[in-house]
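Enquirer: Please read through the structure below; I'll follow up with questions.
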Amino acid sequence: MKPLLCCWMGLIGVAATACVSAGPALWQVPPAANAHRLPPLEAVAELGALARTDATQPAELLQLWRSELHANLAESPAPHAFGYARLQVTRANVRRTGRALQTMQVVTLLTPSLLGVPLETYRTTLTAQLQVLDADGNVLGEYEGTGTSAVKVAMYHGYSQAEAPPLSDAEALRAALAQIRAQVDTAADRLRPRLLAGGPLPEPVASPSVAQKR
């Protein structure tokens, strides 16, 4: 029994180290700057429905949202911002498929995994909403996007059990942001003069806001 247990633990160790690494780009967004950019805005992010999955943390969502806002949608927030860009995940559903195969994996000492068969797949479907607010907190526009993802837990061509859930959320968020990006590009000419007319925020932007609603 002891040799079998040692063999099993060794195979788990091999499986953990043979997965693809998500790396530092996990919470980054692709550069796709809009032709029509908004004035500087302060980024605000709310996990909303995504808080129930426990895979994504508020700071991670904010990191992704700040990258998207400052790289693709709006000008740099320094030294002043002329309002807020508030992103909230309004709906989210995460499913794990293929878990029934794990019994076979245990019985066969991870032989299917060693051959490249996925352990399971994380699938995230979500809806994200962006609100653009002026310095007084008036909502000037609302934009919505949906995104889906499918991330495999597997050796060689998949991710580890630890990295797959947040990566699934991040990929779905990036897909939703791509839809929102196009809507903001169309609305930027209307939003820009209204944001500038409202004036800057009372103080220079310091640390960004993070809100988590359950």
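Enquirer: What number goes with the only condition from (1) farther than 23 Å from A197 by Cα; (2) at pLDDT 95 or above; (3) in a helix (DSSP H, G or I) that Q102 does not pass?
Expert: Here Q102 meets the rest and fails (2).
Enquirer: Also, quick follow-up: Could you check, for the stretch 198-207, whether at least one of its residues is open to solvent by 80 Å² or more (accessible area, probe 1.4 Å) and at pLDDT 95 or above?
Expert: The answer is no; no qualifying residue exists.
Enquirer: For the stretch 34-93, which residues satisfy the criterion of being under 12 Å from the mean Cα position of the chain (by Cα) and of a type in the set (D, E)?
Expert: If the condition is that a residue be under 12 Å from the mean Cα position of the chain (by Cα) and of a type in the set (D, E), then E46, E60, E68 are the ones that fit.
Enquirer: Scan the stretch 154-166 and give yes if some residue there is assigned to a strand (DSSP E or B) and touching a Lys or Arg at 6+ places or on another chain (Cβ under 6 Å), otherwise no. If you could, list the steps in order and put the result at the bottom.
Expert: Of all residues in the stretch 154-166, those assigned to a strand (DSSP E or B) come to 159.
After this cut, where a residue has to be touching a Lys or Arg at 6+ places or on another chain (Cβ under 6 Å) as well, the list is none.
No: zero hits.
Enquirer: Moving to a separate point now. Determine, yes or no, whether G116 is under 30 Å from P193 (Cα atoms) and either part of a loop (DSSP other than H, G, I, E, B) or at pLDDT below 95 (or both). Write out each step before concluding.
Expert: Numbers: under 30 Å from P193 (Cα atoms): no; either part of a loop (DSSP other than H, G, I, E, B) or at pLDDT below 95 (or both): yes.
Criteria not met by G116.
The values are calculated or read from the model by the stated rules, or taken from the named source; none is laboratory data. Not measured: the values here are computed from a predicted model. Backbone-built Cβ (ideal geometry, glycine too); neighbour counts: all protein chains shown. These area figures cover heavy atoms from the full protein model, side chains too; ligands, DNA and RNA do not enter into them. Shrake-Rupley method; radii C 1.70, N 1.55, O 1.52, S 1.80 Å.
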